[in-house]
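Notes follow the structure.
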Amino acid sequence: MSGVDDPLVVHTPGDREIVLSRLFEAPARLVFAAFTRPELLVRWYGARGWRLVECDVDLRVGGRWRFVSQGPEGARMVQAGVYRQIEPPHRLVCTELFDDQSYPGETLVSHEFTELAGRTTVTTTLRYATATGRDTVLRYPMTRGVGQSYTRLADLLRSTTTIRGEQP
């Protein structure tokens, strides 16, 4: 039986992709809101020891997003991109580029939100510009960080059944 502590599942289906998935005990509309609303993102986004200190979201096709995270000993990480597809509460596609990125090119990030019986599986496909970029990221603790971040998201989703101002 799946539960609230479902682990992050990671696959590498091609030489440029990383696919991450996890089941959440919440409807897709709430999970989608948590991925797109700054007041919610600041409550869960980031690995243990990291937090969003700036979170700008212009949620429209062609709109930009920018996250500034602060971590241990004042470390900073800045990532940003442009929204390509927005289909609430099922799909969110954007580009991603880090200010101090160690691999070439933009990453295409596709989030799929699949709801079944009030539970939502988030499947995120990261498509890197090059195979070398994907391999570089796999050497980082990215999957551990996403796993920790998603644990925080699961806690947030457990603590609420509605989100103020959400669209049905």
Residue 112 fails exactly one of (1) modelled with pLDDT of 95 or more; (2) open to solvent by 30 Å² or more (accessible area, probe 1.4 Å); (3) over 14 Å from the mean Cα position of the chain (by Cα), namely (3)
Residue count, the range 77-133, condition touching a Pro at 6+ places or on another chain (Cβ under 7 Å) and closer than 21 Å to residue 157 by Cβ, comes to 4
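Here's the yes/no breakdown for (1) surrounded by fewer than 18 Cβ atoms within 10 Å (Cβ to Cβ); (2) of a type in the set (Phe, Trp, Tyr); (3) more than 26 Å from residue 119 (Cα to Cα); (4) at pLDDT below 95:
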position: 19; (1), (2), (3), (4): yes, no, no, no
position: 37; (1), (2), (3), (4): no, no, no, no
position: 66; (1), (2), (3), (4): yes, no, yes, no
position: 69; (1), (2), (3), (4): no, no, yes, no
So, first residue free of Cβ contacts under 8 Å to residues at least 40 places away in the same chain and part of a helix (DSSP H, G or I) in the range 134-158, second residue open to solvent by 50 Å² or more (accessible area, probe 1.4 Å) and among the small types (Gly, Ala, Ser), Cβ within less than 8 Å, six or more apart or across chains; the pairs are 136/102
Within the range 75-92, the residues that are surrounded by fewer than 17 Cβ atoms within 10 Å (Cβ to Cβ) and touching a His at 6+ places or on another chain (Cβ under 8 Å) are 91
Within the range 122-155, the residues that are open to solvent by 60 Å² or more (accessible area, probe 1.4 Å), more than 22 Å from residue 15 (Cβ to Cβ) and among the β-branched types (Val, Ile, Thr) are 151
With criteria (1) surrounded by 15 or more Cβ atoms within 10 Å (Cβ to Cβ); (2) closer than 23 Å to residue 21 by Cβ, residue 160 comes up short on (1)
All conditions in (1) touching a Pro at 6+ places or on another chain (Cβ under 7 Å); (2) surrounded by 14 or more Cβ atoms within 10 Å (Cβ to Cβ) are true of residue 49 except (2)
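The values are calculated or read from the model by the stated rules, or taken from the named source; none is laboratory data. In this text, all values refer to a predicted model and were calculated from it rather than measured experimentally. We place every Cβ from the backbone using ideal geometry, glycine too, and count neighbours over all the protein chains shown. All accessible areas refer to the heavy atoms of the entire protein, side chains included, with ligands and DNA or RNA removed. Shrake-Rupley method; radii C 1.70, N 1.55, O 1.52, S 1.80 Å.
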